[in-house]
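Beneath this line is the structure, given in structure tokens, with notes to follow.
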There are 2 protein chains.
Amino acid sequence: MEKKIDITSKAVAEILSKATEYLQPNPAYRAKLGMLNTVSKLRGQVKATGYPQTEGLLGDCMLKYGKELGEDSAFGNSLVDVGEALKLMAEVKDSLDINVKQTFIDPLQLLQDKDLKEIGHHLRKLEGRRLDYDYKKRRVGKIPEEEIRQAVEKFEESKELAERSMFNFLENDVEQVSQLAVFVEAALDYHRQSTEILQELQSKLELRISLASKVPKREFMPKPVNTSSTDANGVGPSSSSKTPD
Amino acid sequence: MEKKIDITSKAVAEILSKATEYLQPNPAYRAKLGMLNTVSKLRGQVKATGYPQTEGLLGDCMLKYGKELGEDSAFGNSLVDVGEALKLMAEVKDSLDINVKQTFIDPLQLLQDKDLKEIGHHLRKLEGRRLDYDYKKRRVGKIPEEEIRQAVEKFEESKELAERSMFNFLENDVEQVSQLAVFVEAALDYHRQSTEILQELQSKLELRISLASKVPKREFMPKPVNTSSTDANGVGPSSSSKTPD
């Protein structure tokens, strides 16, 4: 039993760290966020400084350039479409973050801080009482029989307590399975919602492509250089509106 | 047109960097991988050093502890289930990596290195010829008319070339829309496949939970301390096999 508790302890600690990395893969952002949260707590502020999801970063950049390219650009319009979808996906990822934190990481943390810590405490106490009993047993005859009897009793009491706590913990391991199931459900929701967003986006882009393919190709019409004026050399932002773009 | 080309250039550069970050969110791993690839190329090795997907890292840890906990532990078995699914998801993520790299990032990189670079070259040449023409025009009468005429011709030639290249690029922007559609399809595939893996995993875990709930709860049976021997104190790995664990 002790070995299983030990493995479970290590498993919980490592799953906690790897699950956090799964949610927030960039260690620099993760550290910054942890620090910000601590600072906010110290100052009593509740600041919603979220983890910068890579979907959102890519989405922001696409939205920005898509808008700059303008409505008359098929690429610009598509960038806006994809950008908006990516921003939605970042929100879905944020929900996964919060969801997994509250329903998986926090309960697992509690398991580590409470149940497993308690068992550890029982085991350390048991070890002390075992050593005490062993020592006194070897000195039988030299110390009062009553003292040895008390040492045995304390040792037995501690042994039962430690074993009972380990037994109950291991016997109820279906609870940890349920925790895993909750995590899996959150991840499933995330991928399912992302799939939906992307499916809709895909239809939009297909429509854009088919519309753009139907527009008759324009021919490039070179404009002659106006040699009478220095300004009108035909190139530059001031004149770009006159050329077909 | 020049402004649109400029925006497109900046968009392509930023999308390239953000898309890479989207695929490989951990900058340390990303840098290491980039370096390894360069080293491999220099040495002529083709090493398949993949990006460590967070799904895979979490999966590895779950597999390891799940196996250590053993077949008789519901938590252990579930960890193996989840771990295996996460490893599959990491593979799907690897495919996304490779897919997006080959069908989106590389073509976009080519666009930047070839088409946009070419246009930039035309524009720089045009600017030079414009300055030359402006300069000579202001000195009319002081320099031979023939020289001015040649400057106009060169300027006009360059202007047409630059404008034609920009026009054609912008007119064919549906190609960039298709690139975006390819990216969206790859992301959709990734989320769809992850959804499938997680759905199957969810059913597995539900079964595990329902099976575990049907097993009658065992009662803890404390074993008395064997006071006749120093070894058999009833705790420790040697005796744990006798207790119901």
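Taken together, the values in this text are just the output of simple stated rules run on the coordinates, not laboratory data. Computed from a prediction, not measured in an experiment: that's the story for all the values here. Note that we place each Cβ from the backbone using ideal geometry, even for glycine, and neighbour counts take in every protein chain shown.
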Checklist entry - Separation of the range A:195-221 and the range A:66-121 by C-alpha centroid, Å? => result 29 Å
Checklist entry - Considering only the label points, 7 Å along Cα→Cβ from Cα, what distances in nm to one decimal separate A:Lys142 from the same position in each other copy, shortest first? => result 11.7
Item to check | Other protein chain Cβ atoms within 10 Å, averaged over every residue that makes up B:69-78 | outcome: 6
Next on the checklist: How tilted is helix B:174-214 with respect to the longest principal axis of chain B? Cα atoms for both, answer in degrees (0 to 90, nearest 10).
Outcome noted: 10 degrees
Checklist outcome for this item: Along principal axes, largest first, the alpha-carbon spread of the protein assembly as shown in whole Å comes out as 130, 54, 44
Checklist entry - If you project the alpha carbons of the range B:75-180 onto the principal axes, what extent comes out on each, in Å, largest first? => result 94, 21, 14
Checklist entry - Copy-to-copy spacing for B:Lys3, label 7 Å out on the Cα-to-C-beta vector, in nm, shortest first? => result 7.4
Checklist entry - Over the Cα atoms of the range B:69-127, what Rg and Dmax result, in angstrom? => result 23.8, 78
Checklist entry - In a Debye calculation with equal point scatterers on the alpha-carbon sites of chain B and no solvent, what is log10 I(q)/I(0) at q = 0.11, 0.15 Å⁻¹? => result -0.84, -1.11
Checklist entry - Over all residues in B:24-30, what is the mean tally of Cβ atoms on other chains that come within 10 Å of each residue's Cβ? => result 5
Checklist outcome for this item: The answer for the net charge of residues other than B:Ser178 whose Cβ lies under 12 angstrom from its Cβ, with Lys and Arg +1 and Asp and Glu -1, is -3
Checklist entry - With respect to the cross-link table entries A:Lys67/B:Lys32; B:Lys87/B:Lys117; A:Lys10/B:Lys87, which display a Cα-Cα separation exceeding 32 Å? => result A:Lys67/B:Lys32; B:Lys87/B:Lys117
Next on the checklist: If the reach is capped at under 24 angstrom between alpha carbons, list the lysines near B:Lys142, excluding any in the same chain fewer than eight residues apart.
Outcome noted: B:Lys154
Next on the checklist: If you fit an axis through the alpha-carbon atoms of helix B:54-69 and take the longest principal axis of the Cα set of chain B, what angle between them do you get, 0 to 90°, nearest 10?
Outcome noted: 10 degrees
Checklist entry - Looking only at the range B:71-93, which residues have a backbone nitrogen under 17 Å from a spot 7 Å from the Cα of B:Leu207 in the C-beta direction? => result B:71-86
Next on the checklist: Contact order normalised by length for chain B, with contacts defined as Cα pairs under 8 Å and 6 or more residues apart; what percent is it?
Outcome noted: 20 percent
Item to check | Teacher prompt: A:Glu157 distances to equivalent labels in other copies, 7 Å Cα→Cβ, nm | outcome: 10.5
Checklist entry - When Cβ neighbours within 10 Å are restricted to other protein chains, what is their mean count per residue of peptide A:123-131? => result 1
Next on the checklist: Exceeding 19 Å between C-alpha atoms, which entries from my cross-link table qualify? They are B:Lys18/B:Lys101; A:Lys136/A:Lys159; A:Lys64/A:Lys214.
Outcome noted: A:Lys64/A:Lys214
Item to check | the range B:124-134 - phi-based ³J(HN,Hα) in whole Hz, Karplus 6.51/-1.76/1.60, Gly and Pro as x | outcome: 5, 5, 4, 4, x, 6, 5, 4, 4, 5, 4
Checklist entry - Mind checking the angle between helix B:27-43 and chain B's longest principal axis? C-alpha axes, 0 to 90 degrees, to the nearest 10. => result 70 degrees
Checklist entry - When the helices in chain B are scored as -39500 (n - 2.57) per DSSP H run of 4 or longer and the sum is shared across all residues, what 222 nm value do you end up with, to the nearest 500 deg cm²/dmol? => result -25500 deg cm²/dmol
Next on the checklist: Give me the net charge for the shell around B:Gln150: Cβ to Cβ below 13 angstrom, other residues only, Lys and Arg +1, Asp and Glu -1.
Outcome noted: -2
